[in-house]
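Student: Here it is, the structure, as structure tokens.
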Amino acid sequence: MRKLLVAVVALCALQMAVAQDIKPRLVVNVVLSGVGADELAKYAPNMTEGGFAALTSCGTSYTEARYDYLQTSQIAGAATIVTGTNPSMHGLISRYWIDYTTSERVDMLADAETRGLGCDAGQSCYSNRHVVLPTLGDQLRAQNADSKVVTIAMDAHTAVALGGQCDTYWFNPTLGVWNSSTAYMDDLPGWLEDYNSSGVNSGYKRARWDLTLGVGKYSARTYSSSLFRVPSDFERLPLPAKAIVSRDYSSMIYTPFAADMTFDVAKKALMNYRLGADDNVDVLNIGIDALANVGRVYGPETLEWEDALYRLDASLGEFVRFVNAQYGRESVLWVVTSSDGMGASNRDDSHKFNPAQFKVIINGFLSAQLGRNTWVVDCVDRQVYLNRVAIYGAGLSLADVQNRVAAFAMQFRGVSHVLSATAMQNGYFGESYGRKMQNSFYPRRSGDLVLNLMPGWIEVVEGEIAQSGSMYDYDTHVPLIISGAGVPTQTVTTEVDMCSLAPTIGRLIGVGRPMASVAPVLDGIFK
């Protein structure tokens, strides 16, 4: 018995050391969106053995991985995953923000100096100009020009947040083709042009969404799709406006086929870039936003979302088998996680926060106190942008105006906490909600006030009944699996910060931690 125990201990020690000795040729970083850790665990019994389960069975699974900030979203999470730091450092807080000096909207993607590739003039003029920190892929390329880093994501925001300065591709739902821009390359590669013209994309658009499993195996008891044949004891919900079939591909992104198409293009990129073909470490980032889109319009408690998760698991399994067959299991380092979770659906309009209405009321409040003017420029993702030009022009104290609005905002139903930009710039919040709000605050882009809504509340957005974007566990608690390339097989139940992922991968591939990362490496991977 003692000899057996010694042998087991020695084997475990060897497994832990192997992760330091085996350097992968390829890193596949699969970033989901809208998938919480609890949902993945809840539906695991109905999943295949080849998707999430296969990666977990030969890798390290972290059951308590969380983001430590308020503004959980696919953009912020994707940037945190590849930079190893919070939005307060990487600055990708939203799809757009307000320029304080001009009061004009700044789009995260738009860049007038670039030209879209593979699309009509004026489309996909996107770049990484607002990505202020280098990603792990950028660091790899800086240290080894022979390494290749490629990013594939259907949503352009996810693609740009993950891609950094390296080759990046996204889907154009208007034309039904994959694009890039001159910010990343001079011309769209021939293999992708051939793919766009092959008719494969239109096949995904025409695909019929039927239930994968027998109805009795599903936990959900609500649905919206008229295509699903379910017993009468299921509650039928109205079909969401965004899910209605349209002439272009915009409705397809609210189906599980969006994930299938993304994996298909990722296969083409693997082969045509010859990723992992030599001893130089290459990286393939894959952004999967299908579950977030399905959750927003149908709700994560519906048959649609549950079935989309099962389909994603099957697609992931097929992709894992394809990659491992090409390169061998020990040559590939797999990372599977999510940029954000998604809370329960909220179909009750009385428990939704209306930012447009809030803007009008706040502006009326300030006009009554300070004189008629446009004092509020916009309300974006639970942030209030004040008209600083008007405030300074009137000789007013910005901090005083912020404090007035903060006190008034706390009277609104659904508002749980409010912090001003001045408070977050001049103070330190080391615990609880204050820390999470401060970790989301980027001074040059965040609003004058940041709001936290009560649990279960979401913003009013046409066609959406569920969202991420809170500091609560249903949005911050995400799955995290690191597998292959000698990573030990284990389950780690201690709480870990998602900022630790990038420095861990950096150490595994030998490039060190990203420039702005201050988090420690994850427990359990190294001795």
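Student: Can you name every one of the strands (runs of 3 or more DSSP E) wholly within the range 316-421 that holds 1 or more residues which are surrounded by 16 or more Cβ atoms within 10 Å (Cβ to Cβ) and in the same structural domain as GLY84 (by TED's automatic domain parsing)?
Tutor: Numbers: elements: 332-338, 376-380, 383-386, 415-420.
So the answer is 332-338.
Student: Considering only the range 114-124, how many residues are more than 21 Å from TYR195 (Cα to Cα) and either modelled with pLDDT of 95 or more or touching a helix residue (DSSP H, G or I) at 6+ places or on another chain (Cβ under 9 Å) (or both)?
Tutor: 1
Student: Could you please let me know if TYR223 is aromatic (Phe, Trp, Tyr), within 30 Å of VAL150 (Cα to Cα) and in the same structural domain as MET47 (by TED's automatic domain parsing)?
Tutor: Considered against the rule, which asks whether it is aromatic (Phe, Trp, Tyr), within 30 Å of VAL150 (Cα to Cα) and in the same structural domain as MET47 (by TED's automatic domain parsing), TYR223 comes out as no.
Student: Residue check: is THR48 surrounded by fewer than 22 Cβ atoms within 10 Å (Cβ to Cβ), assigned by TED's automatic domain parsing to the domain that holds PRO134 and part of a loop (DSSP other than H, G, I, E, B)?
Tutor: For THR48, the condition - surrounded by fewer than 22 Cβ atoms within 10 Å (Cβ to Cβ), assigned by TED's automatic domain parsing to the domain that holds PRO134 and part of a loop (DSSP other than H, G, I, E, B) - is met.
Student: Within the range 57-99, how many residues turn out to be in a strand (DSSP E or B) and farther than 20 Å from GLY447 by Cβ?
Tutor: Number satisfying all stated conditions: 8.
Student: Right, next: Considering each of ALA292, ALA269 in turn, give the residue that is assigned to a helix (DSSP H, G or I), farther than 18 Å from LEU26 by Cβ, small (Gly, Ala, Ser) and in contact (Cβ under 8 Å) with a residue 24 or more places away in the chain.
Tutor: When all the criteria are applied, what remains is ALA292.
Student: Sticking with this one: Give me the pairs, please: first residue somewhere in the range 245-260 and under 17 Å from LEU316 (Cα atoms), second residue anywhere and modelled with pLDDT of 95 or more and assigned to a helix (DSSP H, G or I), beta-carbon distance under 6 Å, and either six or more positions apart or on two chains.
Tutor: Filtered contacts from the range 245-260: PRO256/ALA290; PRO256/ALA308; PRO256/ARG311; ALA258/ALA290; ALA259/ALA290; ALA259/LEU312; ALA259/SER315; ASP260/SER315.
Student: Looking at LEU109, LEU136, LEU140, LEU117 in this structure, which one is touching a Phe, Trp or Tyr at 6+ places or on another chain (Cβ under 6 Å) and buried (at least 21 other Cβ atoms within 10 Å of the Cβ)?
Tutor: Answer to the selection: LEU109.
Student: Still on this structure, please answer the following. Could you identify the single residue in TYR169, TYR184 that is buried (at least 19 other Cβ atoms within 10 Å of the Cβ), assigned by TED's automatic domain parsing to the domain that holds MET89, outside any loop (DSSP other than H, G, I, E, B) and modelled with pLDDT of 95 or more?
Tutor: TYR169
Student: Still on this model: Which residues, counting only those in the range 187-222, are closer than 30 Å to THR114 by Cα, in a helix (DSSP H, G or I) and in contact with a helix residue (DSSP H, G or I) (Cβ under 8 Å, 6 or more places away or on another chain)?
Tutor: Within the range 187-222, TRP191, LEU192, TYR195, VAL200, ASN201, TYR204, LYS205 qualify.
Student: For the range 223-259, enumerate the residues that are more than 26 Å from the chain's Cα centre (by Cα), outside any loop (DSSP other than H, G, I, E, B) and not basic (Lys, Arg).
Tutor: GLU235
Student: I would also like to ask the following. Residue under question is GLY430, and the condition is that it be modelled with pLDDT under 95 and not in a strand (DSSP E or B); does it hold?
Tutor: For GLY430, the condition - modelled with pLDDT under 95 and not in a strand (DSSP E or B) - is met.
Student: Also, quick follow-up: Across the range 225-241, which residue is farthest from GLY463 (Cα to Cα) among those that are touching a residue at least 24 places away in the same chain (Cβ under 8 Å) and not hydroxyl-bearing (Ser, Thr, Tyr)?
Tutor: Only one residue fits best here, namely VAL230.
Student: On to the next question. Note down all Cβ pairs under 8 Å where the first residue falls in the range 175-201 and is free of Cβ contacts under 8 Å to residues at least 60 places away in the same chain and within 12 Å of MET261 (Cβ to Cβ), the second is part of a strand (DSSP E or B) and among the hydrophobic types (A, V, I, L, M, F, W, C), and they're at least six residues apart or on different chains.
Tutor: Between residues of the range 175-201 that are free of Cβ contacts under 8 Å to residues at least 60 places away in the same chain and within 12 Å of MET261 (Cβ to Cβ) and residues that are part of a strand (DSSP E or B) and among the hydrophobic types (A, V, I, L, M, F, W, C), the close pairs are VAL177/PHE171.
Student: How many residues are in contact with a strand residue (DSSP E or B) (Cβ under 9 Å, 6 or more places away or on another chain) and under 30 Å from PRO238 (Cα atoms) if we restrict to the range 260-296?
Tutor: Here the count works out to 8.
Student: Could you please find all residues in the range 143-158 being of a type in the set (A, V, I, L, M), in contact (Cβ under 8 Å) with a residue 40 or more places away in the chain and either under 13 Å from ILE253 (Cβ atoms) or surrounded by fewer than 24 Cβ atoms within 10 Å (Cβ to Cβ) (or both)?
Tutor: The answer is VAL150, ALA153, MET154, ALA156.
The values are calculated or read from the model by the stated rules, or taken from the named source; none is laboratory data. Predicted, not measured: the structure shown is a model, and the values here were computed from it. Quick reminder, even Gly has a Cβ in these numbers, built from the backbone with ideal geometry, and neighbours come from all protein chains shown.
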